[in-house]
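Remarks on the structure that follows.
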Amino acid sequence: MIKFNGLKGVVLDIEGTTCPIDFVANELFPYAHQALPKFVAEHSQDEQLKELWDEVKQAMQIEPTKGAPKEIASYLQWLIKQDRKFSPLKELQGIIWQEGYGAGKLKAPLFDDVGKALNNWHQMGLKLAVYSSGSVAAQKLLYSHSSAGDLSKLFSNWFDTRLGSKLDQLSYSQLAKTMAIPADALLFISDAPEELNAAKKAGYQTCGSQRAGNKFIIDNNLFNVVTSFSSLKLELGD
């Protein structure tokens, strides 16, 4: 059992932390990739999406990679294959996934220990937040349509890369400020060592998530590491 105390909140990554990485790579991304041409054709003139389309067009104009597609749908599909962290793409994917979740074609397979842990932490009085490279809309959809049911109501805050890079300690400082919780009273859990390091530099308590299928090996000499949230004992601060 690994103990963390003096806490007021928990900030969670998603992929490799609460949900298998292959769900995003093998289900969500391909679903959005296939749906994009039809989605662009049907929604390219939607006024509520104008700002997103303008951001995509601007990105296409300044794209430094030679041979990058010059048509919106193809460019967005190309970015998915590149695994590019492009916020407008993330938001558009979220809209497409909303249709898939709503139609029952998508459901997020959370790790078995996650639902119980999140409910327990919420009942304790800990503020729960998500910080993921996926858009806030996509985060909410994932937790609203999960294998553990609708867990979205347990979270008080949602953050994506519009906050800043997950590798920049300033992002975590801003996150703590937004939550109005001192950094040292927040526990950040992630599968990515560089993210854990950035959060640690910002003053967070940190814990690595080492799940089956994860890409990274977390050095347990540098961070506390768990394979299940059932191995965590969290205690509130004053």
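Derivation of every value follows stated rules applied to the coordinates shown; laboratory data play no part. Everything numeric in this text was worked out from a predicted model, so none of it was measured. Cβ sites come from the backbone with ideal geometry, for glycine too, and all protein chains shown count toward neighbours.
Assorted remarks:
- Here residue 116 fits the description: of a type in the set (Lys, Arg) and in a helix (DSSP H, G or I).
- Test result for residue 117, in contact (Cβ under 8 Å) with a residue 40 or more places away in the chain and within 21 Å of residue 209 (Cβ to Cβ): yes
- Scan of region 132-158 for residues that are part of a helix (DSSP H, G or I) and among the polar types (S, T, N, Q), ordered by number: 139, 144, 152
- Within region 204-221, the presence of a residue that is closer than 16 Å to residue 11 by Cβ and either acidic (Asp, Glu) or without any contact (Cβ under 8 Å) to a residue 12 or more places away in the chain (or both) is excluded.
- Assessment of region 67-89 against the conditions (touching a Gly at 6+ places or on another chain (Cβ under 8 Å) and within 14 Å of residue 32 (Cβ to Cβ)) yields no matching residue.
- Taken over region 53-72, the criterion of being within 19 Å of residue 138 (Cα to Cα) and surrounded by fewer than 17 Cβ atoms within 10 Å (Cβ to Cβ) is satisfied by 55 alone.
- Output for region 87-127, where each listed residue is of a type in the set (A, V, I, L, M, F, W, C) and surrounded by fewer than 17 Cβ atoms within 10 Å (Cβ to Cβ): 103, 124
- Criterion: outside any strand (DSSP E or B), among the hydrophobic types (A, V, I, L, M, F, W, C) and closer than 25 Å to residue 85 by Cα - qualifying residue of 170, 222: 170
- Of the criteria (1) part of a helix (DSSP H, G or I); (2) closer than 21 Å to residue 176 by Cβ, which one residue 129 fails: (1)
- Counting only residues that are within 12 Å of the chain's Cα centre (by Cα) and surrounded by 21 or more Cβ atoms within 10 Å (Cβ to Cβ), region 134-175 holds 10 of them.
- The combined condition, being touching a residue at least 60 places away in the same chain (Cβ under 8 Å), part of a loop (DSSP other than H, G, I, E, B) and crowded, with 18+ Cβ neighbours inside 10 Å, is fulfilled by residue 181.
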